[in-house]
Amino acid sequence: MSCSRLSGLDASFLAAETPTAHMHVGWVARFSPPAGGRLPHFFQVREHVEQRLARAPRYRQKLAPVPLGLNAPEWIDDEAFSIERHLYWAPGPLGGLVDEVMSTPLRRDRPLWEMWVCEDPAEERLALVGKAHHCMVDGLAAVELGSLLLDAAPEPAECRPDGWQPERAPSAERLLTRGVRDLAAAQLSLLRLPLHAVSSPAAAARQARTKAARVARALTHSLLVAAPPSVLNSSLSPLRRLAWSERPLEDLNAVKRAHGTTINDVMLAAVAGGMRAYQAEHGQEPGALKAMIPVSVRDPSDVLGNHISFVFAELPCAEPDPLRRLYRVHGAMSARKRDGEPEGADIALKAAEHTPPPVQRALSRIIASPRTFNLVVSNIPGPPQQLYLRGCPLREIYPVVPLADGHAVSVGMTTVADRACFGVYADREALPDADALARHIDAAIDELLDANSRLPEYAG
């Protein structure tokens, strides 16, 4: 059996989990009935999901810790796997179900995912509420998994059972041996680096200087520039709340085209405007916030796991003018990309994988600290075309971006065909009015649309 071990980044999400910080990525997908038909019942959906698991073998695997913690855990087949332990039925209302599901951590003695089928006849909608541990998938991989369950046509593609049988679990001795072997292999890979420099010293020197500069810039903005104090950074409870809103993607595209920015810039500016209004509503002087912004470095050949880097940027919440907020966000993000900061952060994360496990855990705590950032804002591109679940059109997908300890809120956006879906994920006690923040972010997009007719004299 081949060994598939958690990467350093994957393991960091496992290490960052606490009783009040659940490190699962989640989603809420809503479907309308098929044209002229009825919604499928729970057992039809369960059979459909079970047949599609052949496309994602990781969802039938669990973690096996290495004895003595000498290396990161590895993925092994779950000999007790059963779809009944991962796919459940629940009645509406949807909002209460989502909050309950997301407030409960995943069990580590089985594959790290769950999905709930929520039937709400009153709204004539079907919803899938899912979660998977962040050590297993990043946000884009979670969307890709959802796409495996869906079809591009109302008629589902035939997918026969694959006859899967689990491989026998390795012994503790075997896990320990492989853990030590992989540690030795990692050290040998480091020793080979000087050989490349000897064979091509000029190229190696140029490459090293470029990488060092990118890493330095990434670390400067991530660790050396402290996040401002904020009420968003306080002790957490285990309770969660997901507030959501959706609107035409064309609204964001209209702002993007009018001002030569990106969809991501528009989203960040909207979050800055929403946070500004939220601060003012709570009697606070609007002030800047530092956002951690995930950036995908995923290759089409990559399997599940985390293939992301990060940049850190200021959200100009103190700026009253919506266009100036947009221009400032665009300028900051353009500079980060121009300076290669996503690549620099990726290099730093990969280098950290070669440090001892205690050092990796300490680095994970530093990066996830409220001193490093105030909130995560994540743009997760979804399927650009219409997709179906057993003939039911997919209407919306609302993302759940996990909260590290000391962070009361995150904001995610997923695009589905012609819709932009926002998920404001919050600690229910530290930020009890997440719905108000979702409304403020939506209103901030309206502000940007209203400002489209203004002259670009505000740039700069």
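The values are calculated or read from the model by the stated rules, or taken from the named source; none is laboratory data. Owing to the predicted nature of the structure, the values given are computational and were not obtained by experimental measurement. Here the Cβ is made from the backbone with ideal geometry for all residues, glycine too, and neighbour counts use every protein chain on show. Areas reflect the complete protein model, heavy atoms only, side chains present, ligands, DNA and RNA absent. Shrake-Rupley method; radii C 1.70, N 1.55, O 1.52, S 1.80 Å.
The one condition from (1) modelled with pLDDT of 85 or more; (2) under 30 Å from Cys392 (Cα atoms); (3) surrounded by 14 or more Cβ atoms within 10 Å (Cβ to Cβ) that Leu175 does not meet is (2).
Given the criteria at pLDDT below 85, over 21 Å from Val376 (Cβ atoms) and not basic (Lys, Arg), does His354 qualify?
Taking the combined requirement at face value, the residue satisfies it.
Scanning segment 320-341 for residues that are within 16 Å of Ile445 (Cβ to Cβ) and either part of a loop (DSSP other than H, G, I, E, B) or among the polar types (S, T, N, Q) (or both) turns up just one, Asp321. Looking only at residues of segment 357-370 that are modelled with pLDDT under 75 and not basic (Lys, Arg), we find that the one that is nearest to the chain's Cα centre (by Cα) is Ser364. Contact map, segment 156-170: first residue within 15 Å of Ala80 (Cα to Cα) and open to solvent by 80 Å² or more (accessible area, probe 1.4 Å), second residue acidic (Asp, Glu) and not in a loop (DSSP other than H, G, I, E, B), Cβ cut-off under 7 Å, separation 6 or more or different chains; pairs are Glu167/Asp77. Each residue in segment 266-290 was checked for being assigned to a helix (DSSP H, G or I) and within 26 Å of the chain's Cα centre (by Cα), and 14 of them qualify.
Is it the case, given these coordinates, that Ser334 is of a type in the set (S, T, N, Q), open to solvent by 20 Å² or more (accessible area, probe 1.4 Å) and modelled with pLDDT of 90 or more?
For Ser334, the condition - of a type in the set (S, T, N, Q), open to solvent by 20 Å² or more (accessible area, probe 1.4 Å) and modelled with pLDDT of 90 or more - is met.
Mind checking whether some residue in segment 74-83 is closer than 25 Å to Gln360 by Cβ and surrounded by fewer than 19 Cβ atoms within 10 Å (Cβ to Cβ)? Taking every residue of segment 74-83 in turn, none turns out to be closer than 25 Å to Gln360 by Cβ and surrounded by fewer than 19 Cβ atoms within 10 Å (Cβ to Cβ). Please specify each residue of segment 26-45 satisfying the condition of being part of a strand (DSSP E or B), open to solvent by less than 10 Å² (accessible area, probe 1.4 Å) and not small (Gly, Ala, Ser). Result: Val28, Phe31.
Residue under question is Gly96, and the condition is that it be exposed (fewer than 15 other Cβ atoms within 10 Å of the Cβ), of a type outside the set (D, E, K, R) and touching a residue at least 40 places away in the same chain (Cβ under 8 Å); does it hold? Walk me through how you get there before you give the answer.
On the way: exposed (fewer than 15 other Cβ atoms within 10 Å of the Cβ): yes; of a type outside the set (D, E, K, R): yes; touching a residue at least 40 places away in the same chain (Cβ under 8 Å): no.
No: the conditions fail for Gly96.
Of all residues in segment 227-261, those that are surrounded by 17 or more Cβ atoms within 10 Å (Cβ to Cβ) and within 17 Å of Pro316 (Cα to Cα) total 4. With respect to the conditions (1) within 20 Å of Arg107 (Cα to Cα); (2) among the hydroxyl-bearing types (Ser, Thr, Tyr); (3) touching a Lys or Arg at 6+ places or on another chain (Cβ under 9 Å), Thr20 falls short on a single one, namely (3). The residues of segment 390-404 that are part of a loop (DSSP other than H, G, I, E, B) and in contact with a strand residue (DSSP E or B) (Cβ under 7 Å, 6 or more places away or on another chain), listed by number, are Val401, Pro402, Leu403, Ala404.
Selection over segment 37-71 of residues that are farther than 21 Å from Val137 by Cβ and of a type in the set (Phe, Trp, Tyr) gives a count of 2.
Can you spot a residue in segment 412-434 that is open to solvent by less than 40 Å² (accessible area, probe 1.4 Å), hydrophobic (A, V, I, L, M, F, W, C), farther than 23 Å from Ser230 by Cβ and outside any strand (DSSP E or B)? Show your work before the answer.
Our first condition is that a residue be open to solvent by less than 40 Å² (accessible area, probe 1.4 Å); within segment 412-434, this holds for 412-417, 420-427, 430-431, 434.
Next, only the ones that are hydrophobic (A, V, I, L, M, F, W, C) stay: 413, 416-417, 420-422, 424, 426, 430-431, 434.
Imposing the further condition that a residue be farther than 23 Å from Ser230 by Cβ reduces the set to 416-417, 420-421.
After this cut, where a residue has to be outside any strand (DSSP E or B) as well, the list is 417.
Yes - at least one qualifying residue is present in segment 412-434.
If you take the residues of segment 15-38 that are in contact with a helix residue (DSSP H, G or I) (Cβ under 9 Å, 6 or more places away or on another chain) and hydrophobic (A, V, I, L, M, F, W, C), which of them is farthest from Gly95 (Cα to Cα)?
Quick first cut of segment 15-38, residues in contact with a helix residue (DSSP H, G or I) (Cβ under 9 Å, 6 or more places away or on another chain) only: 15-16, 22-30.
Still in the running and hydrophobic (A, V, I, L, M, F, W, C): 15-16, 23, 25, 27-29.
Numbers: Ala15: 29, Ala16: 27, Met23: 20, Val25: 17, Trp27: 12, Val28: 10, Ala29: 12 Å.
So the residue we want is Ala15.
Cβ separations smaller than 7 Å between residues 6+ apart or across chains give the following pairs from segment 255-278 residues that are in contact (Cβ under 8 Å) with a residue 24 or more places away in the chain to residues that are of a type in the set (Lys, Arg): Thr262/Lys256; Ile263/Lys256; Val266/Lys256; Ala269/Arg325; Ala272/Arg325; Gly273/Arg325. Look at (1) closer than 24 Å to Pro154 by Cα; (2) open to solvent by 10 Å² or more (accessible area, probe 1.4 Å); (3) not acidic (Asp, Glu) and you find that His440 fails only one, number (1). Among the residues of segment 109-163, those that are modelled with pLDDT under 70 and either out of contact with any strand residue (DSSP E or B) (no Cβ under 7 Å at 6 or more places or on another chain) or part of a strand (DSSP E or B) (or both) comprise Pro121, Ala122, Glu123, Ala141, Glu144, Leu145, Ser147. Please work out if Gly382 is assigned to a strand (DSSP E or B) and crowded, with 24+ Cβ neighbours inside 10 Å. Against the criterion (assigned to a strand (DSSP E or B) and crowded, with 24+ Cβ neighbours inside 10 Å), Gly382 does not qualify.
Scoring His440 on the criteria (1) part of a helix (DSSP H, G or I); (2) touching a strand residue (DSSP E or B) at 6+ places or on another chain (Cβ under 9 Å); (3) under 17 Å from Ser230 (Cβ atoms) leaves a single failure, condition (2).
Residue-wise test of (1) in contact with a Gly (Cβ under 7 Å, 6 or more places away or on another chain); (2) acidic (Asp, Glu).
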{"site": "Glu47", "(1), (2)": "no, yes"}
{"site": "Leu53", "(1), (2)": "no, no"}
{"site": "Glu74", "(1), (2)": "no, yes"}
{"site": "Ser82", "(1), (2)": "no, no"}
{"site": "Gly92", "(1), (2)": "no, no"}
{"site": "Met102", "(1), (2)": "yes, no"}
{"site": "Leu106", "(1), (2)": "no, no"}
